[in-house]
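The values are calculated or read from the model by the stated rules, or taken from the named source; none is laboratory data. The model shown is predicted, which means the values in this text are computed figures rather than measured ones. Cβ placement follows ideal geometry from the backbone for every residue including glycine, while neighbour counts extend to all protein chains displayed.
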Amino acid sequence: MSTIAPGATIGIFGGGQLGRMTAMAARTLGYHVHVLDPDPDCAASAVSDRVVAASFDDAAAAADLAAHCDVVTLEIEQIGIAALEAASRHAPLRPGASILGIVQDRGRQKRWLAQHGFPIGDYRDVASAADVESASRDLGPLIVKACHGGYDGRSQVRVDDVAESVDAWAALGGRPSVAERLLDLDSELSVMVARRPSGEIAVFPPALNVHERQILAWSVLPAPLPASIARDADEIARTIAGAFELEGVLAVEMFVLRDGTLLVNELAPRPHNSFHETEVACSTSQFEQLVRAICDLPLGDTRALRPGAIFNLFGDLWLDGPPRFEAALAQPGVRLHLYGKRGPRPGRKMGHLSAIGDTPEDALARVRAAATAIR
Ligand code: ADP
Ligand code: MG
């Protein structure tokens with residue numbers, strides 16, 4: 001048995017909101033928590049026993065983190081491979097460096113998905129403006145995404161016409177990228193799968209996600225989608241987790257095209273913004289599930305006991321003074337979750353509202369009403 005029992009110490013690369021919520025779940029289960037983050041006052045610092053303030057490329061700091069922990073996980077994929085390897089010499093790293101090495105690079109990730117037979121949209125690897133031009137000629141309108149370092153739509157440029165290729169390439173800083181065909185999306189969904197070292201797998205129902213300016217605006221679980229799509233999405237996520245021999249959780253972002261085709265967009269081997277509603281909709285949150293998975297404990301029930309929805313709160317809301325929290329909380333079934341971040345900045349995720357309802361539409365209507373009231 002490889003169980004890491006409550007009382008042990010969990011290390012987390014990254015002390016943002018995902019690290020903070022993971023730490024809170026770990027504490028509820030009786031674990032100690034250490035985090036590594038460049039910012040000593042990071043969101044997770046308030047609920048952690050120790051913050052190692054260091055960059056995500058600092059191998060010595062990573063070794064220091066892991067040397068005091070029984071298992072190490074992460075809330076962000078962009079950790080230097082040397083740092084990951086340094087950590088894994090001192091404590092089990094879950095998920096491991098092999099999956100991270102693939103997922104960290106959009107090009108490698110797409111190649112892996114294609115080689116393993118998972119459905120993805122048309123794309124080309126691009127390493128020059130000329131490559132972008134020929135991709136644009138072959139595929140039509142594109143979204144060009146740098147292989148490294150982007151999230152929430154950063155490091156991505158849209159190319160509607162061949163003539164825009166040179167500027168797009170310059171805007172990306174001439175970094176190795178993937179050029180994806182701009183897809184005609186009906187909807188976006190995500191599936192969260194957990195797998196523990198002993199092999200048990202559990203999958204949450206798909207969440208339906210709506211993005212604004214390429215950033216998640218709101219999400220609802222279970223996704224009000226045909227059962228056949230939900231089944232296929234579950235099967236894809238399960239198979240990916242098995243193929244990686246995942247230890248931890250993995251979010252699979254997917255696209256549903258107008259003709260009903262289901263495609264994999266990208267993978268995130270960590271908790272995901274679109275599963276925050278598991279905290280209200282399910283008996284096990286995604287954060288508790290991550291703790292169970294990395295500690296090789298039995299995985300929790302993933303059923304949606306009732307529909308739940310979340311609405312992200314960005315720093316923009318703080319521009320004219322504090323948001324009207326009381327007005328939001330006066331809405332029935334609504335909860336407020338703030339991440340304890342100090343500086344509100346436009347576009348920065350500061351917290352979210354959540355609501356439960358009798359149906360997904362009902363949960364969504366409630367959380368929307370609260371989001372309107374908070375302004
Ligand atoms: P990030 O790492 O920033 O989440 P994504 O690849 O998920 O990057 O892109 C962010 C969002 O941009 C997606 O959720 C989707 O709304 C939109 N998008 C990305 N790629 C495409 C595409 N090929 N066609 C249409 N929309 C896309
Ligand atoms: Mg994404």
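So, in region 63-90, exactly how many residues are buried (at least 21 other Cβ atoms within 10 Å of the Cβ) and either touching a His at 6+ places or on another chain (Cβ under 7 Å) or farther than 20 Å from Glu266 by Cβ (or both)?
The total comes to 8.
Select from region 191-222 the residues that are in contact (Cβ under 8 Å) with a residue 60 or more places away in the chain, part of a loop (DSSP other than H, G, I, E, B) and either within 16 Å of ligand 2 (Cβ to nearest atom) or under 16 Å from the mean Cα position of the chain (by Cα) (or both) and list them in ascending order.
Phe204, Pro205, Arg213, Gln214
Identify the single condition in (1) within 16 Å of ligand 1 (Cβ to nearest atom); (2) outside any helix (DSSP H, G or I); (3) surrounded by 17 or more Cβ atoms within 10 Å (Cβ to Cβ) that Ser274 does not satisfy, given that it satisfies every other one.
So Ser274 meets the others, but not (2).
Could you give me the residue pairs with C-beta distances under 8 Å whose first residue belongs to region 324-348 and is of a type in the set (S, T, N, Q), whose second residue is outside any helix (DSSP H, G or I) wherever it lies, and which are 6+ apart or on separate chains?
Here the result reads Gln331/Ala355, each pair linking region 324-348 to a residue that is outside any helix (DSSP H, G or I).
Inside region 274-301, can you point out the residues that are closer than 21 Å to Lys349 by Cβ and among the hydrophobic types (A, V, I, L, M, F, W, C)?
Passing the criteria: Phe275, Val280, Ala281, Phe287, Leu290.
Going through region 198-207 one residue at a time, which ones are among the small types (Gly, Ala, Ser) and buried (at least 21 other Cβ atoms within 10 Å of the Cβ)? Even if it seems obvious, please write down each step before you answer.
Residues of region 198-207 that are among the small types (Gly, Ala, Ser), as a first pass: 198-199, 202, 207.
If the condition is that a residue be among the small types (Gly, Ala, Ser) and buried (at least 21 other Cβ atoms within 10 Å of the Cβ), then Ala202, Ala207 are the ones that fit.
Starting from region 226-238, take each residue that is without any contact (Cβ under 8 Å) to a residue 60 or more places away in the chain and farther than 17 Å from Thr302 by Cα and list its partners that are part of a helix (DSSP H, G or I) and not aliphatic (A, V, I, L, M), counting only C-beta distances under 6 angstrom and pairs at least six apart or across chains.
Hits for this filter: zero, empty list.
Being more than 16 Å from ligand 1 (Cβ to nearest atom), touching a residue at least 24 places away in the same chain (Cβ under 8 Å) and over 18 Å from the mean Cα position of the chain (by Cα) narrows it down to one of Gly300, Gly248, so name that one.
Going through Gly300, Gly248 in turn, the sole match is Gly300.
I'm told Leu185 meets every condition in (1) modelled with pLDDT of 95 or more; (2) crowded, with 17+ Cβ neighbours inside 10 Å except one. Can you identify the failing condition by its number?
(2)
Taking region 315-334 as the region of interest, how many residues are modelled with pLDDT of 95 or more and crowded, with 18+ Cβ neighbours inside 10 Å?
4
Give the residues of region 167-182 that are crowded, with 20+ Cβ neighbours inside 10 Å and near ligand 1 (Cβ under 10 Å from one of its atoms), sorted by residue number.
Val178, Ala179, Glu180, listed by residue number.
Ala163 - would you say it is away from ligand 1 (no atom under 15 Å from the Cβ) and touching a residue at least 40 places away in the same chain (Cβ under 8 Å)?
Numbers: away from ligand 1 (no atom under 15 Å from the Cβ): yes; touching a residue at least 40 places away in the same chain (Cβ under 8 Å): no.
Considered against the rule, which asks whether it is away from ligand 1 (no atom under 15 Å from the Cβ) and touching a residue at least 40 places away in the same chain (Cβ under 8 Å), Ala163 comes out as no.
For residues that are part of a strand (DSSP E or B) and either of a type in the set (A, V, I, L, M, F, W, C) or within 14 Å of ligand 2 (Cβ to nearest atom) (or both), scanning just region 146-166, find the one that is surrounded by the most Cβ atoms within 10 Å (Cβ to Cβ).
Val159
Within region 208-251, work out how many residues are crowded, with 17+ Cβ neighbours inside 10 Å, within 30 Å of Ala91 (Cβ to Cβ) and out of contact with any Ser or Thr (no Cβ under 7 Å at 6 or more places or on another chain).
Going through region 208-251 one residue at a time, the tally reaches 9.
Of the numbered conditions (1) touching a Ser or Thr at 6+ places or on another chain (Cβ under 8 Å); (2) assigned to a loop (DSSP other than H, G, I, E, B), Ala61 fails exactly one; give the number of that condition.
The failed condition is (2).
Could you tell me whether region 170-180 includes any residue that is in a loop (DSSP other than H, G, I, E, B), touching a residue at least 40 places away in the same chain (Cβ under 8 Å) and within 16 Å of ligand 2 (Cβ to nearest atom)?
Checked against the condition, which is being in a loop (DSSP other than H, G, I, E, B), touching a residue at least 40 places away in the same chain (Cβ under 8 Å) and within 16 Å of ligand 2 (Cβ to nearest atom), region 170-180 yields no hits at all.
So the check is Cβ under 9 Å with 6+ separation or different chains; which pairs have a first residue in region 256-280 that's closer than 15 Å to Ala230 by Cα and a second one that's polar (S, T, N, Q) and more than 11 Å from ligand 2 (Cβ to nearest atom)?
Within 9 Å, the pairs are Val256/Ser187; Gly260/Ser228.
Conditions (1) under 30 Å from Ala146 (Cα atoms); (2) within 16 Å of ligand 1 (Cβ to nearest atom), marked per residue:
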{"site": "Leu262", "(1), (2)": "yes, yes"}
{"site": "Leu267", "(1), (2)": "yes, yes"}
{"site": "Ser283", "(1), (2)": "no, no"}
{"site": "Phe287", "(1), (2)": "yes, no"}
{"site": "Arg292", "(1), (2)": "no, no"}
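Which number in (1) farther than 22 Å from Leu305 by Cβ; (2) charged (D, E, K, R); (3) surrounded by fewer than 24 Cβ atoms within 10 Å (Cβ to Cβ) marks the one condition that Arg195 misses?
The number of the failed condition is (3).
Within region 82-141, which residues are more than 23 Å from the chain's Cα centre (by Cα), more than 16 Å from ligand 1 (Cβ to nearest atom) and not in a helix (DSSP H, G or I)?
Of everything in region 82-141, those that are more than 23 Å from the chain's Cα centre (by Cα), more than 16 Å from ligand 1 (Cβ to nearest atom) and not in a helix (DSSP H, G or I) turn out to be Arg89, His90, Ala91, Ala127, Ser128.
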